[in-house]
Amino acid sequence: MKYGIYFAYWEKEWNADQKKYISKVKDLGFDILEISCAMLKNISREELLEMKRMAQDAGVILTAGYGPGADENLASADEAVTKNAIAFFTDILKKLEILDIHTLGGGIYSYWPVDYSKPIDKAGDWERSVKNVRTVGRIAGECGVDYCLEVLNRFEGYLLNTCEECRRFVEQVDVPAVKIMLDTFHMNIEEDSMVEAILLAGDKLGHFHVGENNRRLPGKGGMPWYEIGSALRTIGYDKNVVMEPFVRSGGGVGSDIKIWRDLSKGATEEMLDEDAAGAVAYLRNVFAGPNSDYTSVLRK
């Protein structure tokens, strides 16, 4: 497995300059920097190539994440919105191809965060999303990108809340590039068993986010990391494990993620760096540990 971290651990705005974190994450012991597609909306080919070179020179893998806005919603009942969403993702996927990014994850089948003041049509949105994700997923495959659908908790999304729902959705889409994305923060809220959810995802698991129940770094909360790592090894998962901690309040990031207090406890950037380095060392050790026997569960 390769280990990474999302840039927003340090930032308060989604469209911040993320290139500066490429060398930082390498120095802290990570293999991967995950960026937000928000920074790719208005970017030149020259800037994309510069970022690609920086990552190659540093020996860092780039992955991408995104929470689409309401006007980028592939599940919308408004055809103008879905047409715009398909055009948006087509543009983004072509930019990811230039960047040599092979993984895009997030709520990229609907929109985020969901406005629950509006009526919810889960059945209709599901049908529209399957159709439009199938279209975008084929484009993703042509660009060499795994299009990974993140299972979100009920407070942030309604379409895919469990791995079972996501697996059923992915099977209906039936496009090789479209895969399941799990996140321990969301799983902790929605799944009866995180181990069984990982086993159910199996070979359709394309991306994996890790974070504590309190949104802090792994090791600073109550997650059963040994069991999670053992389940990942049981399914032969050898892809990306990306930390997505949110510890700073304020700005667009703090508002969207609902960080209403300083979880960093006043940490300086140097202290944040030290914590991140410790977390990745901890997770590498835990996830490489001796395997528990979940084979019987997997065969059910």
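Considering only residues that are of a type in the set (Lys, Arg) and closer than 15 Å to SER110 by Cβ, which ones fall in segment 126-178? Answer for segment 126-178, where residues must be of a type in the set (Lys, Arg) and closer than 15 Å to SER110 by Cβ: ARG128, LYS131, ARG134, ARG154.
Looking at LYS83, LYS94, just one residue is open to solvent by 30 Å² or more (accessible area, probe 1.4 Å), assigned to a helix (DSSP H, G or I) and free of Cβ contacts under 8 Å to residues at least 12 places away in the same chain, and that residue is LYS83. Screening the candidates GLU50, GLU72 for the property of being crowded, with 16+ Cβ neighbours inside 10 Å and of a type in the set (Asp, Glu) yields one hit, GLU72.
Looking only at residues that are closer than 15 Å to ALA279 by Cα and out of contact with any Ser or Thr (no Cβ under 9 Å at 6 or more places or on another chain) in segment 197-218, which one is surrounded by the fewest Cβ atoms within 10 Å (Cβ to Cβ)? By that ranking, first place goes to ASN214.
The rows are residues; the columns are (1) more than 20 Å from the chain's Cα centre (by Cα); (2) not polar (S, T, N, Q).
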position: LEU200; (1), (2): no, yes
position: ASN213; (1), (2): no, no
position: GLY222; (1), (2): yes, yes
position: GLY229; (1), (2): no, yes
position: LYS258; (1), (2): no, yes
position: ALA276; (1), (2): no, yes
position: VAL286; (1), (2): yes, yes
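Scanning segment 1-57 for residues that are within 18 Å of the chain's Cα centre (by Cα), under 21 Å from PHE208 (Cβ atoms) and of a type in the set (Gly, Ala, Ser) yields a count of 3. For beta carbons closer than 9 Å, sequence separation of 6+ or different chains, a first residue in segment 50-69 that is among the charged types (D, E, K, R) and a second that is open to solvent by 10 Å² or more (accessible area, probe 1.4 Å) and assigned to a loop (DSSP other than H, G, I, E, B), the qualifying pairs are GLU50/LYS19; LYS52/ASP100. Against the numbered list (1) open to solvent by less than 70 Å² (accessible area, probe 1.4 Å); (2) farther than 23 Å from PRO68 by Cα, LYS26 comes up short only at (1). Of the residues GLU164, GLU156, GLU196, GLU227, the single one that is assigned to a helix (DSSP H, G or I), among the charged types (D, E, K, R), more than 28 Å from GLY29 (Cβ to Cβ) and in contact (Cβ under 8 Å) with a residue 40 or more places away in the chain is GLU196. Residues in segment 148-196 that are in contact with a Cys (Cβ under 7 Å, 6 or more places away or on another chain) and buried (at least 24 other Cβ atoms within 10 Å of the Cβ): LEU149, VAL151, LEU160, LYS179, ILE180, MET181, LEU182.
When MET54, MET1 are checked against the criterion of being in contact with a strand residue (DSSP E or B) (Cβ under 9 Å, 6 or more places away or on another chain) and of a type in the set (A, V, I, L, M), MET1 stands alone in meeting it. When each of SER249, SER255 is tested for being part of a helix (DSSP H, G or I), under 14 Å from ALA8 (Cα atoms) and open to solvent by 10 Å² or more (accessible area, probe 1.4 Å), the lone residue that passes is SER255.
The values are calculated or read from the model by the stated rules, or taken from the named source; none is laboratory data. Note that the structure is predicted; figures quoted are calculated from it, not measured. Note that each Cβ is placed from the backbone with ideal geometry, even for glycine, and that neighbours are counted across all protein chains shown. Calculation scope for accessible area: heavy atoms of the full protein, side chains included, ligands and nucleic acids excluded. Shrake-Rupley method; radii C 1.70, N 1.55, O 1.52, S 1.80 Å.
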